[in-house]
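Please read the structure below before turning to the comments.
Quick note: the coordinates plus some simple rules give every number you see, no bench work behind them. This is a predicted model, so every value here is computed, not measured. Methodologically, a virtual Cβ is constructed for each residue, glycine included, from the backbone with ideal geometry; neighbour enumeration extends over all protein chains shown.
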Amino acid sequence: MSGIATARSPRLVVKVLCFAFGVIACVIVAVFVLFSVQTNARVTRSVVENMEASQLRFAGLDARLRREHTLQAMALAENPTLKAAVDTYYSERGNEHELGQLRSTIETELTKLQQIMAVPALSVTDVRGTVLASAGPQKGDWPAGARVTLHVEEDGSPVETVVMRNHHAYAATAVPLVLGRDVVGEFFLASPLDDAYAMSLAEEARADIAILLDGRVIATSTSATLRHSLEGVALPLSGTLMLGGDEFVVQRLSSVDSANVYALGSVTEAARAAGSDTGWVLLFTGAGALLIAVIGSWWLARTVARPIDRLSNSLAQMAKARDFDKPLPPTGGSRELDTLTATFNELRTAVSLAEAESEATYLGVIGALATALDARDPYTAGHSQRVADLSVSIGRQMQLSEADLETLRLGALLHDIGKIGVSDAVLRKPTKLTADEFEQIKLHPTLGARILKPLRFLDAQLAIVELHHERPDGRGYPHGLKGDEIPMFARIVHVADAFDAMTSARAYRGALPVTAAISELWRLIGIDFDAQVVQAMAALPVALTEPGSSEEPATERPSMGGLVPFPSRSVAAGQHPQLALRRAE
Amino acid sequence: MDRLQVCAGVALSMAVLCSSARPDVVARETATGSLTGRVHVVSHPARRLATAGVYPGRIVGIQTDRETSELDNVIVFVNATTRVDSVPQRVSIRQTNEEFVPHVVAVTAGSTVEFPNDDLIFHNVFSLSRVATFDLGRYPRNASKARTFTKPGVVKVFCHLHSHMSAIVRVFPHPYFAVPDRNGRFTIPDVPVGRVEITAWHERAGEVTRSASVEDGSAAELTFSLPLTDPE
């Protein structure tokens, strides 16, 4: 992966992850919000429905309970002993002992009834509402002598009344004790409107219950805090209201006298309960979705990024190796990437074609230049081309690679390019050169190097041009390098150059025969020429060493083969160099 | 509650009649006079239901059109505790149509009250009153049980089977009492002369007491008014 890309912009994986994560998170949040809103609405509706159902159920139950209560009370009020005792009570007025006896008769009777009925309190009053006797666990609130105001209908039908006794509220059902057509007293059942009662109602109604008397809370089935927040609140017949920060649905279930029984349902709590269930589901679903998104996007990013990485790696390697010849392998990641690779390859081909073309143009120009250079002197005409050919032959003999041969050929072709800067007078001087003139000549390798230097694609040839006059013994120019310090290509070109010079006629001498030239080469091994190169040269078939062999068929000089029959065989082995040279001479 | 009041007004005129004889009463030669008067009930002091009971129509065979008057439940008597012997009486309180008839009787001490059962159903007679606590048990139609009351006082009688039934037996140590007729008129004969307290009593209305002078051989007319206030 390329570090540069990371620094500039986030990696694909990160981007895809972020995107997938973001989208899913948004979806989850949206779902959650929608769900919450809907849950709240649904919960409110269900609480309201629950309340209404409670109210209906409760109303039926309440009516039945009250009727039962009433019937109980009426049945109990028909007790003859009670009636007799109460009626007798009037006629015994003034006799305290007798009255006490009658009261205990009443109480005994009431206790019996209470044990059967299990009513919290049973009581009997005279017609003015003075309690004569009471029974039941709550009888302490109804002591004999206490005055109680009870509502009684004219026709004697029982009425439920709320009575406060000792700060306790009671729902009392009063029935007249009737003797003939006379009412002799009141008999009543009282049950406390306390928290226990509210809780029993809460169980029936399946909702919280609050009992309010004249707007004051007298009993609840709820917590003390809620009870506190109910104080002084005007509760509607039905509806919703805020209590202690929570939303409640309120429904009046029934009313007894001035006491009202309300059912309370907490929407907030129900929503919380419903929400926590669905919240968990949502949380798990969301976590799962996120996990899948992460895995999926990681996989996706990897699938996309991997081939891209491969591609960029290939490109990087290609750039590093400066090897643009091989086409990029298809990544196989996706059709798009393969297309990209193919396009790149086409581009590369086009570019290398163009490059090759421009290179060829350059070379053509340079070649033309060299040819023109050679043409300045009739004696050196075709020299560069011949040196190039011979160098390639030697190089091939030395088993150089084709690329090296190409380098060699081009370098050899251009080796004398620096002679452009040498005046014709010096160059074409038929006589011996003066030291000065020779110094001028000696400048041409450096000059040639300078000329070619700007042409980057001729970098490899530069050394050939610059060093093709260096000699193993260090007496060459321009640097006086020795032996191995001189690059092999330069040595090859040096040998080929010398050979061609020797076998070409000059104004001041004739052309040396090939064999003589070769002998000369042999002779100067280690001094002027590199042994390895000379050996390779000598091993060449005669035809190839022939000046102008590239143009003319080798058959024109068949004798050459006889004179120097494959000197490579002996020379290459280094067996009779002297013999070969002597023969040549 | 007080709407159940039945009007009761009492006008009592009293005549003290000389020597109006009651042959069965003492042959003593003491001077006696008569007390006459009139009771008019204009109001009932206690609650009274508009309907006959808690369960309307429950009491089968009740004779709702039976002529009743609060005057039947009033006793006028001389308020004296001195025992005056007299011939014991024998009176009846019949159990008819789930009612004790009459509702109120006044007897002298030592008298016997019979309780014949006229109904097709069983009845019972019992009392919780101090002066006569008793239970005659249950008995069927045409049977009768009796009870002799020796102590003076108010005896309230009930039926254990029918809680709406009640009756009152008022026992006096002397024979100087009367129950007014349908017009409210009554006569108490042979009352010894002297200053006496005369009381008009109703079981729930309570009582009103007046003083009167009984003079020999003369009849004193007294105007009485039963109290309409609540008894206390």
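Of note:
- A crude spin-label estimate for the pair residue A:223 and residue A:65, with each label 7 Å from Cα along the Cβ direction, gives 2.5 nm.
- Counting all C-alpha pairs of region A:77-207, share separated by more than 22 Å (%): 35
- Across chain A the C-alpha pair distances fall into 20 Å bins from zero in the proportions 15, 21, 12, 9, 8, 10, 11, 10, 4, 0 percent.
- Spin-label pair residue A:164-residue A:532: with each label point 7 Å from Cα along the Cα-Cβ axis, the two points sit 12.7 nm from one another.
- Taking A:148, A:29 and counting other C-beta atoms within 10 Å, the order from fewest to most: A:29, A:148
- Between residue A:507 and residue A:350, the FRET efficiency estimated from the beta carbon spacing at R0 = 60 angstrom works out to 0.75.
- Under-5 Å amide H pairs with residue A:254, H placed in peptide plane, nonlocal only: A:261
- Close amide-amide hydrogen proximity is noted between residue A:178 and A:184, each under 5 Å apart and 5 or more residues distant or on a separate chain (H modeled in the peptide plane; Pro and chain starts excluded).
- Restricting region A:309-380 to trypsin sites (Lys or Arg not before Pro) that sit in a DSSP loop and have at most 10 other Cβ atoms within 10 Å of their own Cβ leaves A:322.
- 23 Å Cα-Cα threshold exceeded, pairs from A:326/A:453; A:83/A:112; A:112/B:145: A:326/A:453; A:112/B:145
- Region A:328-376: translational diffusion in µm²/s, Stokes-Einstein, Kirkwood Rh over Cα pairs, 25 °C, 0.890 mPa s: 187
- Among the helices of chain A, those built from whole DSSP H runs whose Cα atoms reach 18 Å or more along their own axis and whose mean Kyte-Doolittle hydropathy is at least -0.5 are A:12-76, A:267-321, A:335-376, A:383-397, A:488-502.
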